[in-house]
1. Would you mind calculating the relative contact order of segment 140-220 from Cα pairs under 8 angstrom and at least 6 residues apart, reporting the percent as a whole number?
2. Using modelled backbone amide H atoms (1.01 Å from N, in-plane), which distant-in-sequence or interchain residues come within less than 5 Å of Arg219's amide H?
3. For Met122, list long-range residues whose amide hydrogen, built 1.01 Å from N in the peptide plane, is under 5 Å from its own amide hydrogen.
4. Just to be sure I understand the model, the point goes 7 Å from the Cα along the line to the Cβ. What's the resulting Val89 to Asp211 distance in nm?
5. Post the alpha-carbon centroid distance, segment 115-142 to segment 149-178, in whole angstrom.
6. 7 Å from Cα along Cα→Cβ at both Ala27 and Asp15: what's the point-to-point distance in nm?
7. How big is segment 18-70 along each principal axis, measuring the range of its Cα positions in Å and listing the largest first?
8. I'd like the FRET efficiency for Ala140 and Phe72, computed as 1/(1 + (r/R0)^6) with the beta carbon distance as r and R0 of 41 Å, rounded to 0.05.
Amino acid sequence: MAELTWQPGDGSSEDRLSLADWRRRMAALYVEVRAMAASDPAIALAHWRAVRERLYREHPQSPVPVTERTAFQARHFDHDPRLRFTVVVEAAPPLTPGASALELPDSGAETLAFRRVGTVRMPFPDRERRLSVFWMAGYAGGLFIPFRDTTNGSSTYGAGRYLVDSAKSADLGVDPASGALILDFNFAYQPSCAFDPRFACPLSPPENRLDRPVEAGERLA
């Protein structure tokens, strides 16, 4: 819910102030989560789930259609502590002169420009996989890590989920000792377009498609 999305509004000052409040609340939530997770990731996860569900039901900027909000209940896989990783970003080669930014696929008609920052090695229990780490070239900038896995289209959104979207504060931070990224699939979430097609969301490219189920984080069924 803190992802890079476009949401049509009426352009009124009330609408803009409501959106600002939504973003403010998301930023505050992730500040709380990072602090809690330093000592107890399970408690941090429970807090994240509870606050998100309440905001999805009650906030006017919720991606859930208005007619479905009152009865909305978030669904999640069971917490799996094995899917929380601290990983070093291996830098991507510098862009060659004249090279353009990468355009990730989008659920709408537009595309958003990104640059590949590097890759991370994800030490899953069965074997290691890699994910690319992106930086949004426009907007406010920010790290972006989308992914797809074999749960897509059944228990999760068909076009994938998000791990990090720091432009919208969805970021678990870094390890204070090493500076490595903290990536926790238990905090993976659906983009807003999973709830309502009027949103347009950047999607995971082929290089971030995992050949295994990731049964952690937010689910739809």
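Just so it is clear, none of the values below were taken in a lab; they were calculated from the coordinates. Since we're looking at a predicted model, the values are computed, not measured. Every residue, glycine as well, gets a Cβ built from its backbone with ideal geometry; the counts of neighbours run over all protein chains shown.
1. Over segment 140-220, the number comes to 38 percent.
2. Correct list: Arg75, His76, Phe77.
3. Under 5 Å from the amide H of Met122 lie the amide H atoms of Arg129, Arg130, Leu131, each far enough along the sequence or on another chain.
4. A separation of 2.7 nm, rounded to one decimal place.
5. Spelled out, the Cα-based centre of one part sits 10 Å from the other.
6. Going by the 7 Å Cα→Cβ label model, 2.2 nm.
7. 38, 21, 11
8. With R0 = 41 Å, the Cβ-Cβ based efficiency is 0.90.
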